[in-house]
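Reading through the structure tokens given below for one structure.
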Amino acid sequence: MRIAIVTDSTSDLQTRAAEMGVEVVPLYVNFKGKIHKDWVEITPSDIFEGVKAGAGMPSTSQPSPVDFKAAYERALQHADHVLSIHISSKLSGTVQSAQLASQEFPGKVTVFDTLAASMGIGMMVERAKEMLDQGADLLQVLVELERIRSDHIVRFTLATLDYLKKNGRIGGAQALLGSLLGIKPILTLKEGRVEAAGRARGEKKALAEMVEALKTWSAGRQKIRIYYLYNAEEGDVAAFKAAVQAAGLPLEERVTSSIGGVISTHTGPGVYGFYAYSL
């Protein structure tokens, strides 16, 4: 059985999807009275510069079932089945749209809710593609995706909680609101929702705390794949990567990806962090 993979633009795989043979269905950023396709028609800097200049806060919307139906039709021209891998259903209605569209193709589309975002989706798409290329069947791939979904680590920090708050995605990170100036929030995702993982006084301590969290999680693991994500200055993510590399963990660095407009609409600027899972 030939299996095609479809994902959405919040996987932040846009620059690599074509070479992987993966179809990306875009979400939308609603900004300055217009609707823009994520990654295609708007960048994070367009958003942050616009907000700085006084534009209202952006919002986002999921692809429609019609968008997914078209993607599935294209995929099924060269495959027998579609594995559709998407952003956490606790953060977006994308999974719901995909499920509605899948009903038009009985038995031919499997929708997988990653309970993740950005490189968390990206790493699962990449792993699914790798396994399919090695001859795994759909059930084997789904078992592995469920394993990764339940056993991985994510940490990220950002410059402000304002965007998360205004877009209603703040979840358990609400506890960090109103904290002292100079405190950097450290966030994670738990069961698909944003949660507080800690707070640190200043950039260096935030970086050190994230490295420490990775070290603790890595204990006893033989082979770890790490995926870096950012919309901050490249220098911030470079310093973080250097600190991770200096920790001497059994890491395989897979991808360093900037995050797109939809994820940036919810996080705001100054984001860097990582997702990792073990083999």
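The values are calculated or read from the model by the stated rules, or taken from the named source; none is laboratory data. From a predicted model like this one, the values you see are computed outputs, not experimental measurements. A quick note on method: Cβ atoms are made from the backbone with ideal geometry, for glycine too, and the neighbour counts reach across all protein chains shown.
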Residues that are under 15 Å from His152 (Cα atoms), of a type outside the set (A, V, I, L, M), in contact (Cβ under 8 Å) with a residue 60 or more places away in the chain and out of contact with any His (no Cβ under 6 Å at 6 or more places or on another chain): does the stretch 233-252 have at least one?
no
Counting only residues that are assigned to a helix (DSSP H, G or I) and in contact (Cβ under 8 Å) with a residue 12 or more places away in the chain, the stretch 79-136 contains a total of 22
For the stretch 48-63: of the residues being in contact with a helix residue (DSSP H, G or I) (Cβ under 6 Å, 6 or more places away or on another chain) and at pLDDT 95 or above, which is nearest to Leu161 (Cα to Cα)?
Thr60
